[in-house]
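This report concerns only the one structure given below.
The values are calculated or read from the model by the stated rules, or taken from the named source; none is laboratory data. For clarity, every value in this text was computed on a predicted model and none was experimentally measured. Here the Cβ positions follow ideal geometry from the backbone for every residue, glycine too, while neighbour counts run over all protein chains shown.
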Amino acid sequence: MTASYTLRKAFEFYRTAVTRGQVDSPFVNRFINEVLRNNRHYYGYGELMKLKDRLERDQRKIKHLDLGAGSKYNFKEKTVKSFLKSSSSTDFKGKLLFNLARTYHPSNILELGTNLGIGTSYLYYGNRDAQISTLEGCPNLSQIAQENFNFLRIKGINLTVGDFKKNLDTVLKNTPRVDLAFLDGDHSYDGTMEYFAKIKPKLHNQSIVVLDDIYWSEGMTKAWNEIKSDSKVILSIDLFRVGIIFFDTSVQMHELKLLPSRYKPWKM
Ligand SMILES: C[S@@+](CC[C@H](N)C(=O)[O-])C[C@H]1O[C@@H](n2cnc3c(N)ncnc32)[C@H](O)[C@@H]1O
């Protein structure tokens, strides 16, 4: 990651982003109200707080087989606690995933990058009827993720261990369609383009794809720009930390950069 690149992009984003007062699409307004501005408390949030409290105290050291961007296939040793801090979905991202699953009821969810299973669990609580497939390259992390699903008494998550490059095809073969995909591992241009191309035939009118860390590197921004310009994409919503794309042809075509109103109060 280049911090100066991300900072430069943050300024550019701030300058060009709009706030909810400037949006006149009913679809986007529903997204803003139900996904971004829904401050209700849900049962799953309480359960996840209990899990996070436990993980914050977990000093076990685990070796991370990192297959992601920039890695050299080395095992890096870190505590469980530090994985929670450095690579798990934050409250903001977790609630975003929860609210996407709660609002749009995706039946088949695919996550690339399980890590400790935090994002997976938010998705599960958002729609408990969904079939969730999640892929993780590091066997040690997958073990902790499975422990976490057991702690939350979550059953039926299909956790596949190994490189996305090797396993994604097999997982997709057993998935009739993808209603919500969360691409949150291997933040490289080539990897992201490859995974999106594989998932694309399984996407449909009501599908949603969430891309994490779109300004993490030039490669990730390039991938985001190309993916949101794909002919199948109808609406893209750039929240800076994540990008979300929709394929619903009944919605007006649009590319949107969205910022909370408090950052531009004069645009309310
Ligand atoms: C940012 S973390 C995922 C966080 C998780 N989605 C969440 O919401 O809490 C990214 C994960 O992707 C895994 N990963 C990266 N590249 C991979 C690859 N090529 N194959 C399999 N797993 C990979 C890493 O081991 C890491 O655990």
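A few points about this structure:
- Residue satisfying condition, being touching a Pro at 6+ places or on another chain (Cβ under 9 Å) and under 19 Å from Gln146 (Cα atoms), within set Leu112, Leu123: Leu123
- Cross-chain or 6+ apart pairs with Cβ under 6 Å, region 29-47 first and within 20 Å of Asp238 (Cβ to Cβ) and among the aromatic types (Phe, Trp, Tyr), then modelled with pLDDT under 95 and in a helix (DSSP H, G or I): none
- In region 86-142, the residues that are polar (S, T, N, Q), closer than 15 Å to Gly162 by Cα and within 10 Å of the ligand (Cβ to nearest atom): Thr114, Asn115, Thr134, Asn140, Ser142
- Hey, Thr175 within 23 Å of Asn127 (Cβ to Cβ), near the ligand (Cβ under 10 Å from one of its atoms), surrounded by 14 or more Cβ atoms within 10 Å (Cβ to Cβ) and in contact (Cβ under 8 Å) with a residue 12 or more places away in the chain or not: no
- Filter pass, Leu159 being of a type in the set (A, V, I, L, M), within 11 Å of the ligand (Cβ to nearest atom) and in contact (Cβ under 8 Å) with a residue 12 or more places away in the chain: no
- Candidates Leu141, Leu116, Leu168, Leu135 - the one that is in contact (Cβ under 8 Å) with a residue 24 or more places away in the chain, buried (at least 23 other Cβ atoms within 10 Å of the Cβ) and under 21 Å from Lys200 (Cβ atoms): Leu135
- Every listed requirement among (1) modelled with pLDDT of 95 or more; (2) under 21 Å from His64 (Cα atoms); (3) near the ligand (Cβ under 9 Å from one of its atoms); (4) not hydroxyl-bearing (Ser, Thr, Tyr) is met by His187 save one, (1).
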